[in-house]
Amino acid sequence: MTTAMFRILVIEDDDELRSMLRTLLESQSYRVSEAASGQRGILEARSYRPDLALVDLGLPDLDGTEVVRAIRSFAPLPILVLTARTMEADKVLALDAGADDYVTKPFSTSELLARIRAALRRTARAGTALSVLQLGAVMLDFGARTARGPDGPLHLTPLEYRLIECLARSAGMIVTQRQLLQEVWGPERVNDSRGLRSYIKFLRQKLEPDPGRPRFILTEAGLGYRLQLDESAADGDLRPTPTSA
Ligand code: CA
């Protein structure tokens with residue numbers, strides 16, 4: 001995958017970390033712009049027109065969540081938040097404000113890079129219909145609404161197809177409970193997290209090799225779910241293209 005054309009904006013007040021991120025991202029052939037404050041970051045997001053923004057939630061001038069909300073109001077780019085906080089509420093606030101995913105500090109560089117690739121892939125996929133999804137020995141065909149496992153055809157209900165499709169569109173990234181309920185069940189059911197849990201369980205029983213220890217449909221406690229694909233399979237024939245020149 002060539003990443004030479006992608007521009008990433010790093011909004012982080014910790015000089016050492018910001019510099020480390022620049023070095024890391026440039027080593028992967030991303031182009032990088034930096035901002036050490038929220039205000040500066042919002043200006044950069046307007047003028048530099050990045051393909052993705054990394055936003056620290058703990059900034060000196062503005063709360064990172066406000067920065068996310070501000071950028072989201074004028075740009076559809078993927079936003080990943082960096083958080084040292086372990087409180088679920090902060091992550092939920094940032095995700096509700098429009099962040100696409102989060103990485104908790106201290107993070108591993110391979111984890112951060114995988115999240116960035118997943119976010120850029122989703123941008124490349126936006127607007128294109130998903131055709132097939134392979135989860136280990138299971139193959140789902142969204143067009144034909146058929147599924148096949150190692151022992152033959154699998155039966156999924158229309159609702160189960162919609163749910164796995166919603167997770168697959170954001171493969172590698174978190175999808176919040178609220179987003180899933182809204183998209184799959186509709187706005188009047190956004191609080192039915194118990195119903196969602198039941199359907200996740202049904203999906204795991206049908207699609208996971210060991211439903212008790214899920215390998216693909218992962219739970220993000222208190223937040224939502226993440227469909228984890230093998231990196232090579234995730235790349236597939238979906239080549240990301242830059243959103244802006
Ligand atoms: Ca900070």
Original post:
So is Glu16 in a helix (DSSP H, G or I), surrounded by fewer than 24 Cβ atoms within 10 Å (Cβ to Cβ), within 16 Å of the ligand (Cβ to nearest atom) and not aromatic (Phe, Trp, Tyr) or not?
Top reply: yes
Quiz item: Right, Arg40: within 15 Å of the ligand (Cβ to nearest atom) and assigned by TED's automatic domain parsing to the domain that holds Ala119 or not?
Solution: yes
Qualifying residue in segment 53-64 (condition: in contact (Cβ under 8 Å) with a residue 60 or more places away in the chain and away from the ligand (no atom under 13 Å from the Cβ)):
no
Please verify whether Leu112 is modelled with pLDDT of 95 or more and more than 14 Å from Ile11 (Cβ to Cβ), treating the condition exactly as stated.
yes
Kindly establish whether Pro60 is surrounded by fewer than 16 Cβ atoms within 10 Å (Cβ to Cβ) and in a loop (DSSP other than H, G, I, E, B).
-> yes
The residue from Ala94, Ala99 that alone is within 15 Å of the ligand (Cβ to nearest atom), touching a residue at least 24 places away in the same chain (Cβ under 8 Å), aliphatic (A, V, I, L, M) and not in a strand (DSSP E or B) is Ala94
Pro76 being part of a loop (DSSP other than H, G, I, E, B) and either within 11 Å of the ligand (Cβ to nearest atom) or touching a helix residue (DSSP H, G or I) at 6+ places or on another chain (Cβ under 6 Å) (or both): no
Reported set for segment 147-181 where residues are free of Cβ contacts under 8 Å to residues at least 24 places away in the same chain and within 20 Å of Ala221 (Cβ to Cβ) is Cys166, Leu181
Notebook entry, point to check: Residue check: is Leu54 closer than 20 Å to Gly172 by Cα and either charged (D, E, K, R) or surrounded by 16 or more Cβ atoms within 10 Å (Cβ to Cβ) (or both)?
Noted result: yes
Per the filter on segment 198-232, residues without any contact (Cβ under 8 Å) to a residue 40 or more places away in the chain and not acidic (Asp, Glu) are Ser198, Ile200, Lys201, Arg204, Gln205, Pro211, Gly212, Arg213, Pro214, Leu218, Thr219, Ser232
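The values are calculated or read from the model by the stated rules, or taken from the named source; none is laboratory data. Since the structure is predicted, the reported quantities are computational estimates derived from the model, not experimental observations. Every residue, glycine as well, gets a Cβ built from its backbone with ideal geometry; the counts of neighbours run over all protein chains shown.
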